[in-house]
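Peer 1: One structure follows; several queries about it will come next.
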Amino acid sequence: MAILKVKRLNKAFGGLQATNDVNYEMQTGELSGIIGPNGAGKSTFFNLLTGYYKVDSGRISFQGKDITNWSPHRISRLGIARAFQVSNIYPALTAYENIRQAILAQQKRTLNFFTPAHRLAKKETQELLEVTGLSQHADKIAGTLSQGDKKCLELAIALGSKPELLFLDEPTAGMSGEETHETMNLVKRLNQEMDLTILFTEHDMSVVFGYAKRLTVLHQGSIIAEGTPEEVRKNETAQKVYLGEEA
Amino acid sequence: MIRYGWLGLIFIATLILPLVIGEYWIHVAVEILIMGLFAVSFNMIFGYMGQLSFGHAAYFGAGAYATGLLMVKTSVPLPICLAISMITAGVLALVIGYFCVRLTGIYFAILTMAFGQMLYYIIFQWYSFTGGDDGLQGIVPPDWIIQVTAYYYFTLFIVTGALIVMWVISESPFGYTMRAIRDNADRTRFIGINVRKYMLINFVVAGMFAGLAGGLLGPFNRSIAPDLCNWHQSGVPVFMTVIGGPLGFLGPVIGSVIYTFLFAFVTGFTEYWPLTIGLVIIFVVLYMPGGVLGLVKTKFKTIGAEESMDAEA
């Protein structure tokens, strides 16, 4: 069953068509990637899907429900979470408190005025710290973590929302080669073991192979190629606008 | 846990205080308590939500007028008057906050101030109801607290209770959601929180406690004036919080102690109070940006305390 359906989506900023008549569909359980050079419209696409931008035209539906132009917090409550390209965390809170905040929101406990927060969601927070390899940094102020750890924390916050559909905007941006590998393996595990449908963007082609089952190439706001990684690699248009630059 | 020990000692000290100081300083102590409560309620918006309310005196003034009017014109008992002060200020904060939480930063500050000034002019002009710029006279506390020492203990009891409730809120999931909104409002939307709604709730709660502080002031001074609502008065909790430190729960109370004590002391021999407080603010902003509490905490940390500013806040 299609978990996500996007029909003829358009978004322009001034004269720039950032999203151009995009049709897209995802099946439950998929792990797919969107690639494209910087400025191709990947982040805009995510911002439209998660309600951060209003669409100019087109429809977005999640599990058969039309969510076009819903506000971000309503979309999030339906079970769609996202991690940002530039880590978007709570810099003055500890790593532990960052993750707990997402979990408390998911458990609808944020209107609780009288129970000390440190007594709640202990187990769930510890679990996510372990899954994302942040256990030893639990009590550090998030703003002081390394770039790589901030990205992991970003991912942990997104997972704290217990999503069914997860968008990862360049999950490995700014990571070393080894960290990149670890993170992509984690993404793969989340997809396989936790049954999470995941869509991620990436500008580095080599990262994508071996992980995504399906790839979509975005260029100047339009989809120009789609298929398995092998098919995309062989696709001439894709090679011309994108892969050619890398080689 | 050591922290609670200290708080216990401070509380015992406040109980003994009236026995060892003169009547003038007991008056000052009552004012410190009332203004401390006002400043902590302001800091729920400033320190915890990350927005500068420059019209917080509106809720303080609304609370003062609610209790003042009830005591002058009816015979409602004081505790009930104070509860009505909280409700009145809360309703006012709900109406004003509805518009203000749509904005952030300087626009939030300006809009809160504009609404505050509006209330000030209404009270200032409405002679038949509020007494206009003559204010309200003859707000006499009930017999059992008519002595200043008794009023001190009454205020201490209420302010301590209110501070405990606000502290519990600040440590609750709601309190942490406020910190989350302060740190990163966008991120908070994406974990499923309706940021505006939460900001409005916090604005109302902060307004209610400001109203309680205002309610305590009238019976203490025996009179109130519309100046309580104007933007000078809104500046006072800002100064107190900056001096004491916005990142700790008790920072504004420390600020109130310093500010109110200094005011009582300095105005005893000079009329240049604005100059004095101006110099103090400049010194604090330049040399101790975290306020007194920030300074104490950094010193403390070098000895080896590992708690974060926020975990303690």
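Peer 1: Going by average Cβ neighbours within 10 Å, how do the peptides B:67-77, A:152-162 rank, with the highest at the top?
Peer 2: In decreasing order of mean packing, B:67-77, A:152-162 become A:152-162, B:67-77.
Peer 1: Of A:Cys152, A:Pro116, A:Ala102, which is farthest on the positive side of the dipole of the range A:94-161, counting Cα position, with +1 on Lys and Arg Cβ, -1 on Asp and Glu Cβ, and the Cα centre as origin?
Peer 2: The residue sitting most towards the positive pole is A:Pro116.
Peer 1: Return the FRET efficiency for the residue pair B:Phe99, A:Glu236: r is the Cβ-Cβ distance, R0 is 41 Å, and the value is rounded to the nearest 0.05.
Peer 2: 0.10
Peer 1: Give the relative contact order (percent, whole number) for the range A:1-71; include only Cα pairs under 8 Å separated by 6+ residues.
Peer 2: Result for the range A:1-71 is 38 percent.
Peer 1: Return the equivalent ellipsoid semi-axes of the range A:94-161 as a descending list in whole Å, where each equals the square root of 5 times an eigenvalue of the C-alpha gyration tensor.
Peer 2: 20, 12, 10
Peer 1: Continuing with the same structure: Can you work out the base-10 log of I(q)/I(0) for the range B:23-234 at q = 0.08, 0.14, 0.18 1/Å, using the Debye formula on its C-alpha atoms alone?
Peer 2: So the normalised log intensities are -0.27, -0.79, -1.20.
Peer 1: If you don't mind, another one. What number comes out for the charge environment of A:Leu196, summing +1 per Lys or Arg and -1 per Asp or Glu over other residues with Cβ under 15 Å away?
Peer 2: Values: positive: A:Arg82, A:Lys162, A:Lys188, A:Arg189, A:Lys213; negative: A:Glu30, A:Glu127, A:Glu164, A:Glu193, A:Asp195.
It works out to a net charge of 0.
Peer 1: Based only on the alpha carbon positions, what is the Kirkwood hydrodynamic radius of the protein assembly as shown, in angstrom?
Peer 2: When all Cα pairs of the protein assembly as shown are included, the Kirkwood radius is 26.2 Å.
Peer 1: So, one more: When only C-alpha pairs under 8 Å and at least 6 residues apart count, what is the relative contact order of chain A, in percent?
Peer 2: Relative contact order here is 26 percent.
Peer 1: If you take every residue apart from A:Ala173 with its C-beta less than 12 Å away from the C-beta of A:Ala173, what net charge results, scoring Lys and Arg +1 and Asp and Glu -1?
Peer 2: In short, -3.
Peer 1: Sorted by average packing, counted as other Cβ atoms within 10 angstrom per residue and highest first, what order do A:221-227, B:29-35, B:17-23, A:31-37 take? Walk me through the numbers before you get to the answer.
Peer 2: On the way: A:221-227: 18.6, B:29-35: 24.1, B:17-23: 11.9, A:31-37: 22.3.
Averaged packing, sorted descending, gives the order B:29-35, A:31-37, A:221-227, B:17-23.
Peer 1: On to the next question. About the Cα centre, and with charges only on the beta carbon of Lys, Arg (+1) and Asp, Glu (-1), how big is the dipole of the range B:100-259? Nearest 20 debye, please.
Peer 2: Rounded to the nearest 20 debye, it is 640 debye.
Peer 1: Let me ask you something else. Can you bin the range B:187-279 into rounded, prolate or oblate? Criterion: square roots of the alpha carbon gyration tensor eigenvalues sorted a ≥ b ≥ c, rounded for a/c under 1.5, prolate for a/b above b/c, oblate for the rest.
Peer 2: Details: a/c = 2.75, a/b = 1.72, b/c = 1.60.
The shape class here is prolate.
Coordinate-derived values only; no laboratory data. Just so it is clear, the structure is predicted and the values come from calculations on it, not from any experiment. Reconstructed Cβ throughout: ideal geometry from the backbone, glycine too, with neighbour counts over all protein chains shown.
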